[in-house]
Amino acid sequence: MTKKWEYQTVPLLIHATKQILDSWGDQGYELVQVVPGPNPESLVAYLKREKQEKPA
């Protein structure tokens, strides 16, 4: 069976990057990539986690 994923795009603040990523990691998300944000003080993180099958 093929895995299915759900994704989140999250703004990162330079001074709180670890706390933000730890919070999403506690929810089961894995960091995929970090890219520059709209201004020099910001970054954007792309995260994913496996979708949970809903019981019928």
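Side notes on the structure shown:
- With respect to the conditions (1) out of contact with any Phe, Trp or Tyr (no Cβ under 8 Å at 6 or more places or on another chain); (2) touching a residue at least 24 places away in the same chain (Cβ under 8 Å); (3) open to solvent by 60 Å² or more (accessible area, probe 1.4 Å); (4) of a type outside the set (D, E, K, R), THR2 lacks only one, and its number is (2).
- Selection count, segment 6-47, where residues are out of contact with any Pro (no Cβ under 7 Å at 6 or more places or on another chain) and either assigned to a strand (DSSP E or B) or among the acidic types (Asp, Glu) (or both): 21
- Unmet requirement for VAL34, which otherwise passes all of (1) at pLDDT 95 or above; (2) loosely packed, with under 13 Cβ neighbours inside 10 Å: (2)
- Filtered residues of segment 12-30 (kept if closer than 27 Å to GLN52 by Cβ, without any contact (Cβ under 8 Å) to a residue 24 or more places away in the chain and open to solvent by 40 Å² or more (accessible area, probe 1.4 Å)): LYS18, GLN19, ASP22, SER23, TRP24, ASP26, GLN27, GLY28, GLU30
The values are calculated or read from the model by the stated rules, or taken from the named source; none is laboratory data. It should be emphasised that the depicted structure is a prediction, and the values quoted were computed from it without experimental measurement. Note: ideal-geometry Cβ built from the backbone for every residue, glycine included; neighbour counts use all protein chains shown. Please note that ligands, DNA and RNA were not included when accessible areas were found on the heavy atoms of the full protein model with its side chains. Shrake-Rupley method; radii C 1.70, N 1.55, O 1.52, S 1.80 Å.
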